[in-house]
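What follows is a structure written as structure tokens; I'll ask about it next.
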Amino acid sequence: MSHEHVTVAEEEYLQMLFWLFEANLPMTGANLARAMQLSAPTVHEMLGRLARDGYVTREADKSISFTEEGRRQAEEVTSRHRLIERFLTDVVGVPWDEVHEEAERLEHAMTPRFEAYVRASVSDATTCPHGHPIKVGERISGVPLADCVVGASVSILRLENEAEDVLHYLMAHGIEPGLDGTVAASDDEQVTVATAAGEERTITRIVAETVTVRADPSPPPRTAIPAEQLVMGDRYGR
């Protein structure tokens, strides 16, 4: 198979594998199945296709690695997805909590001409609306909001789980990239951020696990995301 003819299904898998890679999560079939909400046999079959077509290699310990071409394809589709999200939010006016699913439908059909127009329209943008770098490899290090102590100053960098229901929840509770504040309360159930304007924005601890922030004082770095947070929505559940 020519590398220039990567299929839509392969692009979806490569993009999800890159999400695991970028988040420093193990690239395994089990994590991929959990994130995409697919059965292990379905994922195993597609990984076989990706290996056959020269995009990934599978090791004896069940870990997955990109080939050079697979990494290139994964980076391209991921960057294109984030670029479309920014375009839809900033130019078209789609709310940021709805844009992820729309971008999924467009990213595989974008022509080079339209991509050039989109890039020109959002030329100054460095991240998608959820805080992920459009130019992959420029991800800013951060820590989970859930780990921050009461009194810590925080600045929200990105939203790790882009499942639409999670994004709806975060928007409804006023949590978005660029928000600065102080951790006003934190317990086993909830985390509250107080803004400079005196507003308090409270979310559940399990969602706070997926909100990456820059914090002062900062807790120790941690890349692990709870297993349940690997679910990236139901769009793959077919």
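With closer than 20 Å to E104 by Cβ, at pLDDT below 95 and of a type in the set (A, V, I, L, M, F, W, C) as the only criterion, which of A74, A60, A9, A40 stands out? Walk me through it before giving the result.
Working: A74 fails: at pLDDT below 95; A60 fails: closer than 20 Å to E104 by Cβ; A40 fails: closer than 20 Å to E104 by Cβ.
Among A74, A60, A9, A40, only A9 is closer than 20 Å to E104 by Cβ, at pLDDT below 95 and of a type in the set (A, V, I, L, M, F, W, C).
For the stretch 137-169, what are the residues that are assigned to a loop (DSSP other than H, G, I, E, B), surrounded by fewer than 20 Cβ atoms within 10 Å (Cβ to Cβ) and modelled with pLDDT of 95 or more?
Hits for the stretch 137-169 are V149, V150, G151.
Still on this structure: Out of the residues in the stretch 91-106 that are free of Cβ contacts under 8 Å to residues at least 60 places away in the same chain and open to solvent by less than 70 Å² (accessible area, probe 1.4 Å), which is nearest to H81 (Cα to Cα)?
Restricting attention to the stretch 91-106, the residues satisfying the condition of being free of Cβ contacts under 8 Å to residues at least 60 places away in the same chain are 91-94, 99, 102-103, 105-106.
Filter again for open to solvent by less than 70 Å² (accessible area, probe 1.4 Å), leaving 93-94, 99, 103.
Numbers: G93: 16, V94: 15, V99: 10, A103: 6 Å.
Result: A103.
Go through the stretch 190-215 and count every residue that is within 24 Å of the chain's Cα centre (by Cα) and either farther than 19 Å from L159 by Cβ or in a loop (DSSP other than H, G, I, E, B) (or both). If you could, list the steps in order and put the result at the bottom.
Pass one, the stretch 190-215, residues within 24 Å of the chain's Cα centre (by Cα): 190-193, 201-215.
Filter once more, keeping what is either farther than 19 Å from L159 by Cβ or in a loop (DSSP other than H, G, I, E, B) (or both): 209-210.
The number of residues fulfilling the criteria is 2.
If I ask for residues that are open to solvent by 30 Å² or more (accessible area, probe 1.4 Å), of a type outside the set (G, A, S) and in a helix (DSSP H, G or I), which ones from the stretch 108-136 would you list?
Result: P112, R113, F114, E115, Y117, R119.
Pairs under 7 Å by beta carbon, first residue more than 17 Å from V149 (Cβ to Cβ) and open to solvent by less than 60 Å² (accessible area, probe 1.4 Å) in the stretch 196-217, partner aromatic (F, W, Y) and not in a strand (DSSP E or B), six or more apart or different chains?
V207/Y169
If you don't mind, another one. Residues being open to solvent by 40 Å² or more (accessible area, probe 1.4 Å) and in contact with a strand residue (DSSP E or B) (Cβ under 7 Å, 6 or more places away or on another chain): count how many of those fall in the stretch 170-185.
Taking the stretch 170-185 and keeping what is open to solvent by 40 Å² or more (accessible area, probe 1.4 Å), we get 171-173, 176, 178, 180, 182, 184-185.
Checking the rest, the ones that are also in contact with a strand residue (DSSP E or B) (Cβ under 7 Å, 6 or more places away or on another chain) come to 173, 176, 178, 180, 182, 184-185.
Number satisfying all stated conditions: 7.
Let me confirm something: among R82, R105, R86, which residue is assigned to a helix (DSSP H, G or I), more than 23 Å from D124 (Cα to Cα), out of contact with any Asp or Glu (no Cβ under 7 Å at 6 or more places or on another chain) and among the charged types (D, E, K, R)?
On the way: R82 fails: more than 23 Å from D124 (Cα to Cα); R86 fails: more than 23 Å from D124 (Cα to Cα).
Testing whether each residue is assigned to a helix (DSSP H, G or I), more than 23 Å from D124 (Cα to Cα), out of contact with any Asp or Glu (no Cβ under 7 Å at 6 or more places or on another chain) and among the charged types (D, E, K, R) leaves just R105.
Is there a residue in the stretch 24-37 that is at pLDDT 95 or above, part of a loop (DSSP other than H, G, I, E, B), open to solvent by 20 Å² or more (accessible area, probe 1.4 Å) and not basic (K, R)?
Within the stretch 24-37, none of the residues are at pLDDT 95 or above, part of a loop (DSSP other than H, G, I, E, B), open to solvent by 20 Å² or more (accessible area, probe 1.4 Å) and not basic (K, R).
The values are calculated or read from the model by the stated rules, or taken from the named source; none is laboratory data. In this text the structure is predicted, and so the values were computed from the model without any measurement. Because the Cβ atoms are built from the backbone with ideal geometry, glycine has one as well, and the counts that use them run over all protein chains shown. Protein only, heavy atoms only, side chains kept; ligands, DNA and RNA dropped before computing areas. Shrake-Rupley method; radii C 1.70, N 1.55, O 1.52, S 1.80 Å.
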